[in-house]
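Below is one structure, written out as structure tokens, with a few remarks after it.
The values are calculated or read from the model by the stated rules, or taken from the named source; none is laboratory data. Given the structure is predicted, the values throughout are model-derived calculations rather than measurements. Please note: Cβ atoms are built from the backbone with ideal geometry, for glycine as well, and neighbour counts cover all protein chains shown.
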Amino acid sequence: MTQRTIISVVGARPNFMKLAPLARALASRRDLRHVVVHTGQHYDIGMSGAFFRDLGIPDPDLNLEVGSGTHAQQTAAIMQRFEGACLEVQPDVVLVYGDVNSTVAAALVSAKLGVEVGHVEAGLRSRDWSMPEEINRAVTDRLSNLLFTPSRDADDNLIAEGVPEKRIHFVGNIMIDTLVYVLPAARALDAPAQHALAGRPYVVTTLHRPANVDDPAVLTDLFGALTQIARTVPVVFPVHPRTRARLSDLGLAPETNTDLRLIEPVGYVEMLSLVDGAALVITDSGGLQEETSYLGVPCLTVRPNTERPITVSAGTNRLVQPDGAILEGESRAILSDPRRVDVEIERWDGRTADRIADVLCGERGWDGGTA
Ligand code: UD1
């Protein structure tokens, strides 16, 4: 059998957790070369390098070092630089992950070079075209030959859009592979104790979506709600660089007599450890909706919609409008009776990467989508 070459393209923080288990699974397959390209969309140690280190991902074979910019600048820079890499490596398949600008840029280049595209986390839809990620998802799926879906609602979305069933592979949620793999280390780390939170109810929050942090009125209102909650329970807030800049522009900082802790972005193991011990997570992240659901930790997602509806129907997630008074009220209701629940979601079982590797290697011993 001739050797097949697969390029994985990653660029932004949420991509790295999706790459890690597949990098391990592909490393153990014979007749396969796996080349990892980092676009450089995220470049701070805390946003990128820490994840490679924490998750044991080998250093990328190539870094395109595109950095930040407008959507057009960033997408165009990735396309220009990735085209050369693709022509040099001559891959059989290019794998792209999730819904960031690096995902759609690499998919466009590959499709135009006639290279097969595989999309890990295909089929999710919020139906909210004001989110750049929704545009990235829909375009990437349209360009993909292999669509690896995390949940059956994603299959339904793709079928409704006319994607041939034979391209769709319901493999499960690859983020959960990483969670399952890292959970023992996260529990051993005991981040709550390190943050002097052991045995106390506390909240973990992250906010970085442009809709929540780029509008001064919305950010001020949400920050006010977090301040109120932090009068009674500690609120730990690892702050994304985008959010840090906006808070600083508005002069928003924790008030005295509150326990609102603005900290630097934390690595994956520490974050999982903090989330695992939390009474409540308040977020606008996609990944945290899934991670809290798996762990059974209550989650309030500050968005009018979600592309991950299974976290609401089967998990612990609830959507709240970006309104400080509503957020505070919902948070207090959960904190008055904090409890974890048992959640089980189909194929969120830590074996998604192996299923994807089986498809890529042409083996399929499991019930893997339609042949
Ligand atoms: C991107 C993704 C978003 C994902 C998020 C996770 C897109 C369209 N959006 O949003 O889906 O949820 O990553 O973090 O791809 N910055 C730094 N250091 C870095 C990276 C960024 O300081 O390492 C700052 C820069 O000022 C940059 C800003 O953050 O302009 C935004 O970064 P960008 O990659 O454009 O988008 P994110 O908001 O991170």
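Restricting to the stretch 223-248, name every residue that is within 16 Å of the ligand (Cβ to nearest atom) and touching a residue at least 24 places away in the same chain (Cβ under 8 Å). Write out each step before concluding.
Taking the stretch 223-248 as the starting set, the residues that turn out to be within 16 Å of the ligand (Cβ to nearest atom) are 237-248.
Of everything in the stretch 223-248, those that are within 16 Å of the ligand (Cβ to nearest atom) and touching a residue at least 24 places away in the same chain (Cβ under 8 Å) turn out to be 237, 238, 239, 240, 241, 242, 243, 246, 247.
Residue 54 - would you say it is acidic (Asp, Glu), outside the structural domain of residue 240 (by TED's automatic domain parsing), within 16 Å of the ligand (Cβ to nearest atom) and at pLDDT 95 or above? Spell out how you get there, then give the answer.
Working: acidic (Asp, Glu): yes; outside the structural domain of residue 240 (by TED's automatic domain parsing): yes; within 16 Å of the ligand (Cβ to nearest atom): yes; at pLDDT 95 or above: no.
In short, no.
Could you list, ordered by first residue, the pairs with Cβ atoms under 6 Å in which the first is in the stretch 72-90 and closer than 11 Å to residue 109 by Cβ and the second is not in a helix (DSSP H, G or I), at least 6 apart or interchain?
Within 6 Å, the pairs are 78/39; 78/66; 81/64; 85/37; 85/62; 86/113.
If residue 50 satisfies every condition in (1) outside any strand (DSSP E or B); (2) touching a Pro at 6+ places or on another chain (Cβ under 9 Å); (3) buried (at least 21 other Cβ atoms within 10 Å of the Cβ) but one, which is the exception?
Status for residue 50: all satisfied but (3).
Of all residues in the stretch 26-51, count the ones that are away from the ligand (no atom under 16 Å from the Cβ) and of a type in the set (S, T, N, Q).
Qualifying residue count for the region: 1.
Are any residues in the stretch 108-134 basic (Lys, Arg) and part of a loop (DSSP other than H, G, I, E, B), and if so, which ones?
At the first step, the residues of the stretch 108-134 found to be basic (Lys, Arg) are 112, 125, 127.
Correct list: 125, 127.
If only one of 9, 104, 66 is within 21 Å of the chain's Cα centre (by Cα) and part of a strand (DSSP E or B), which one is it? First the steps, then the outcome.
Working: 104 fails: part of a strand (DSSP E or B); 66 fails: part of a strand (DSSP E or B).
When all the criteria are applied, what remains is 9.
Looking for whichever is among the aromatic types (Phe, Trp, Tyr) and closer than 25 Å to residue 44 by Cα here; the options are 268, 202. Which one fits?
It is 268.
Of 94, 120, which residue is farther than 20 Å from residue 312 by Cβ and touching a Ser or Thr at 6+ places or on another chain (Cβ under 7 Å)? Give the derivation first.
Details: 120 fails: touching a Ser or Thr at 6+ places or on another chain (Cβ under 7 Å).
Result of the check over 94, 120: 94.
Condition check ((1) touching a Phe, Trp or Tyr at 6+ places or on another chain (Cβ under 7 Å); (2) away from the ligand (no atom under 16 Å from the Cβ); (3) closer than 29 Å to residue 305 by Cα) across all residues:
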{"position": "81", "(1), (2), (3)": "no, no, no"}
{"position": "84", "(1), (2), (3)": "no, yes, no"}
{"position": "102", "(1), (2), (3)": "no, no, yes"}
{"position": "125", "(1), (2), (3)": "no, no, yes"}
{"position": "158", "(1), (2), (3)": "no, yes, yes"}
{"position": "170", "(1), (2), (3)": "no, yes, yes"}
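Let me spell it out: the conditions are (1) of a type in the set (Val, Ile, Thr); (2) under 23 Å from residue 191 (Cβ atoms); (3) over 22 Å from the mean Cα position of the chain (by Cα), and residue 256 meets all of them except one. Which number is the exception?
Status for residue 256: all satisfied but (2).
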